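S.K.: Following this message is one structure expressed as structure tokens.
Each value in this text was obtained by applying a stated rule to the coordinates, not by laboratory testing. Source: prediction; values computed, not measured. Cβ sites come from the backbone with ideal geometry, for glycine too, and all protein chains shown count toward neighbours.
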Amino acid sequence: MADPIPPAPPLPPKASPPVVNPPPKTRGCWFYGCLVLAILALLGAVGTWLAVRHLVRTTAGLVQQYTSTNSVPIEKVSISAPDFKALQDRVASFADTLNGKDGARELVLTATDINALIQNDPEYKELSDKLFVVLDGDQIKGRLSFPLDRVGLSQLQGRYLNGNATLKAVLQNGVLDVRIKEINVGDKPLPASVTSGLKGINLAQDMQKDDQSRKTLEKLESFRVEDSKLIIRAKKSQQ
């Protein structure tokens, strides 16, 4: 006679969202006007929490399958000090326009520009070894390696979520909508039971609740990814 099947382990208590410190609301974040950095930071915070919460509540076996005890190396870009200063000046000029001063009305960023800002700007030091951005056609892609210690579940202590995500971003009537199109953890796609819930969430929805973020978005005419470039355009008059 076969041994009886042991009962399934009880579900862990519902996890609280991780305590993720947003970029400080100093001159740096919105002075640079790099909204994509805030979006990707939000992706890391919200996406990690939701994915892990679903995985843990589904079965403990999936935690072992979709998380790792090691982080993965994140690529680095090389940029000279003069080139980085020129990049900062371009972004600062666009920020001047948003603040009603004379400056560039359009900001065009390549993936190299965005990664250089993530890796060299003190505002985003915490993301520098956790996130790498790829712009592919009209999509934003991020390669992630996030520690899960702050999710608040004992079985996730010392584990990492390593993978990549594909996003689509659209700005309409001052509202930024960022949706996950695809998520892979390691070389495995997340289960449909997880991705179906994530795909229905606007990852930028909380930006509308922050006065500074909302006011900045209202000053933008367009925010799009086109020909593997992020193109942010300000409205004609910011006076």
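S.K.: Once you have the Cα-Cα distance between GLU106 and ILE231, take 0.36 nm times their residue separation minus that, and quote the gain in nm to one decimal.
M.R.: My answer for the length gained is 44.3 nm.
S.K.: Computed FRET efficiency, Cβ-Cβ of LYS181 and ALA81, R0 35 Å: what is it to the nearest 0.05?
M.R.: For R0 = 35 Å, the calculated efficiency reads 0.45.
S.K.: Return the lysines within reach of LYS85: Cα separation strictly under 21 angstrom, same-chain partners fewer than 8 residues apart disregarded; answer none if there are no such residues.
M.R.: LYS76, LYS101, LYS125, LYS229
S.K.: Taking 0.36 nm per intervening residue step and subtracting the Cα-Cα distance, what contour gain separates GLN64 from LYS219 on full extension?
M.R.: 51.3 nm
S.K.: Net charge near THR69, counting Lys/Arg +1 and Asp/Glu -1 over other residues with Cβ under 14 Å of its Cβ?
M.R.: Once positives and negatives cancel, what remains is 0.
S.K.: Can you give me the C-alpha center-to-center distance between segment 105-154 and segment 179-239, rounded to a whole angstrom?
M.R.: So the separation of the two Cα centres works out to 13 Å.
S.K.: At GLN205 and VAL170, where each label point lies 7 Å from the Cα along Cα→Cβ, what is the point-to-point distance in nanometres?
M.R.: About 1.6 nm separates the two model spin labels.
S.K.: Quote to one decimal, in nm, the extra length available between ALA92 and LYS188 on full extension: 0.36 nm per residue of separation minus the C-alpha distance between them.
M.R.: Value of the extension gain: 30.6 nm.
S.K.: Taking the beta-carbon count within 10 Å as an exposure proxy, list LEU220, LEU131 from fewest neighbours to most.
M.R.: Fewest-to-most Cβ neighbours within 10 Å comes out as LEU220, LEU131.
S.K.: Additional query: Sum up the charges of everything whose Cβ sits under 13 Å from the Cβ of PHE223, counting Lys and Arg as +1 and Asp and Glu as -1, but leave PHE223 out.
M.R.: 0
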